[in-house]
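Below: the structure, in structure tokens.
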Amino acid sequence: MRTLEPADHLPAREREGLRARDLVLPGLLVLGAGALVAGFTATRPVGNPRVPEPAKPVDLNRYLGRWFEFARYDSGFEQGCEAATAEYALRTDGLIRVLNICHQGSIDGPTQFAEGKARVVDGSGGTKLKVSFFGPFYFGNYWVLDHADDYSWSIVGEPTGKYLWILSRDPTPSEVDREMLIERAQALGYDTGMLRMTKQKAA
């Protein structure tokens, strides 16, 4: 499988406008490093005090590709991000290449991206990953808590219950699917009143 070059699917004018920024974007828990991690997580509200263990194994080959962020627990890292996406691709060294993109302020705002890598946690059935945007150290926990059997949607969290992302293969899910996704997150114990809906361009 071909790994993605940074934003190589975007039009040239958008690629030229990309600038790197350390972001927590869809499905990524880039929680910083060292004291930075503790500082950000200590002040965030807990949306789920009892995060469940992932219940379904994840077929990595089916999970790869592009995801659109449907909703998230907002954070300073992702402040103002709209039209946020995450793309996952296998690297030649067996790790997973992660490319997150968002538009600042609106769906047509300046494009920003963050590129990192992830590894699957042994014994997790593909449900838990460690993510790094800061060199060789893996700080971010990425738990696939629930997903569709056909991999059309995914709910991603981490152990503290302070971060949550709801992802979809469809940039604009139907109203029925939107309600279903929120109900699934609520069933996992999350306070869905804390969710921020992400604006996306129609396909």
Discussion item. Tell me the residue from Glu158, Glu183, Glu115, Glu179 that is of a type in the set (Asp, Glu) and farther than 28 Å from Pro49 by Cα, please.
Written reply: Glu115
Discussion item. Quick check on my filter: what residues within the range 120-133 are in contact with a Leu (Cβ under 7 Å, 6 or more places away or on another chain) and more than 18 Å from Lys56 (Cα to Cα)?
Written reply: Val131
Item to complete: Provide a single number: the residues in the range 129-142 that are surrounded by fewer than 22 Cβ atoms within 10 Å (Cβ to Cβ) and either touching a residue at least 12 places away in the same chain (Cβ under 8 Å) or closer than 30 Å to Ala202 by Cα (or both).
Response: 7
Item to complete: Check the range 160-169 and report whether any residue there is modelled with pLDDT of 95 or more, in contact with a Leu (Cβ under 6 Å, 6 or more places away or on another chain), among the aliphatic types (A, V, I, L, M) and surrounded by 14 or more Cβ atoms within 10 Å (Cβ to Cβ).
Response: yes
Worksheet item: Going by the structure shown, is Gly47 over 23 Å from Pro173 (Cα atoms), at pLDDT 95 or above and surrounded by 21 or more Cβ atoms within 10 Å (Cβ to Cβ)?
Response: yes
Fill in: Residue count for the range 170-183, restricted to those that are within 23 Å of Gln79 (Cα to Cα) and either buried (at least 16 other Cβ atoms within 10 Å of the Cβ) or under 10 Å from the mean Cα position of the chain (by Cα) (or both)
5
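The values are calculated or read from the model by the stated rules, or taken from the named source; none is laboratory data. Computed from a prediction, not measured in an experiment: that's the story for all the values here. Note: ideal-geometry Cβ built from the backbone for every residue, glycine included; neighbour counts use all protein chains shown.
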